[in-house]
Amino acid sequence: MVSKVHDNISLFVAVVEAGSFKSASHHLNIPSSTIGRRVKALEEEFACKLLNRNSHTFEMTREGRKLYENARFHVNSIDSIVSELLDEVSGNKGHIKLLAPTNLVASCLHQPISGYLKENPEIELELVLNNALTNFYSSNADLAIRVGKQEDSDLTQLKIGTIKTVLVASPKYLESVDALQAPQHLEKCSVVVSESLRIWELSQSSNLSNKVTYHLAKQRIKLNDLHVAKQLALNGLGITLLPLTEVRAELEQGQLVRVLPEWQGKDRDVYIIWYRRQLLSTRASKFVDYLKDNIIF
């Protein structure tokens, strides 16, 4: 009942501001007869006349003017809030919080993220970068980007691409060792091992069923950051296995070269995730669609 009264007060304010039932009907896309019935219901609710009306015009009674003057600010404020909220969740403006790995954003995600923000200037992005797996639920984030499928069954996981991993080293380091002809020759080399790629699962590119797995018991350098692993390889400290996204520019410039180029590491699938119980806003959904269509790994 209270909700109906509120709706009818909003209608009453709109009728007064329109100047006639006909104008209000056109503006609200509601038949004049319906407007008349709802104003009458409001008068019955308050047990007083609000409008003195004829077939073309009306005048507010003293009670009607008092209702209008007291209600119009609140009605218009609510309309403004509703309009602003609908505009925000429509995807055109508002806040998105995204968790993502630092290395992945720095190497390839920064471009599509920048493109989306340029096309949507009223979107506010809170980008939380961390190579560790931050607790997604407690972060109050809308979305997260993760490498590898997550075990949490409460997550919706959308695969957005696959990153190849390759063995690389500096030309200077390779000059210091015997030519490598097969994966077993890696045992004689200095290796730089990243925590996220601590097991080297190598497949022959021409025959993916031909696989070799190295647990790398002898590791000269072990660390937990892909970017630093690349820097150490650039400095000639050994061979490392890295995502192609991390070393593409250095390979093109000749600063790094492929080691055993006919072999590759295990592919790394990349996912955008969010909680199944969490209603994904339209703006977040549009952001997901944009990333999916524009990311190049």
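Details
- Within region 208-235, being open to solvent by 70 Å² or more (accessible area, probe 1.4 Å) and under 20 Å from residue 261 (Cβ atoms) holds for 208, 209, 211, 213.
- Pairing each residue of region 184-208 that is in contact (Cβ under 8 Å) with a residue 40 or more places away in the chain with any residue that is part of a helix (DSSP H, G or I) and among the hydroxyl-bearing types (Ser, Thr, Tyr), provided the two are 6+ apart or on different chains, yields C-beta distances under 8 Å for 190/173.
- Residue 137 vs. criteria assigned to a helix (DSSP H, G or I), closer than 16 Å to residue 276 by Cα and of a type in the set (Phe, Trp, Tyr): yes
- Strands (runs of 3 or more DSSP E) lying entirely in region 171-283 (those with 2 or more residues that are among the hydrophobic types (A, V, I, L, M, F, W, C) and under 28 Å from residue 105 (Cβ atoms)): 191-194, 200-204, 221-223, 239-243, 268-275
- Any hit, region 39-49, residues being hydrophobic (A, V, I, L, M, F, W, C) and either within 40 Å of the chain's Cα centre (by Cα) or modelled with pLDDT under 90 (or both): no
- In region 152-166, the residues that are closer than 16 Å to residue 202 by Cα and open to solvent by 60 Å² or more (accessible area, probe 1.4 Å) reach residues that are outside any strand (DSSP E or B) and aliphatic (A, V, I, L, M) with C-beta atoms within less than 9 angstrom, at least six apart or across chains, in these pairs: 164/244.
- The set of residues in region 281-297 being surrounded by fewer than 16 Cβ atoms within 10 Å (Cβ to Cβ) and touching a strand residue (DSSP E or B) at 6+ places or on another chain (Cβ under 6 Å) consists of 292 alone.
- Residue match in region 183-199 (condition: touching a Ser or Thr at 6+ places or on another chain (Cβ under 6 Å), open to solvent by less than 100 Å² (accessible area, probe 1.4 Å) and farther than 24 Å from residue 236 by Cβ): no
The values are calculated or read from the model by the stated rules, or taken from the named source; none is laboratory data. Every value quoted in this text rests on a predicted model; they were computed, and no experiment measured them. With ideal geometry, Cβ positions are generated from the backbone for all residues, glycine too; neighbour counts draw on all protein chains shown. Areas reflect the complete protein model, heavy atoms only, side chains present, ligands, DNA and RNA absent. Shrake-Rupley method; radii C 1.70, N 1.55, O 1.52, S 1.80 Å.
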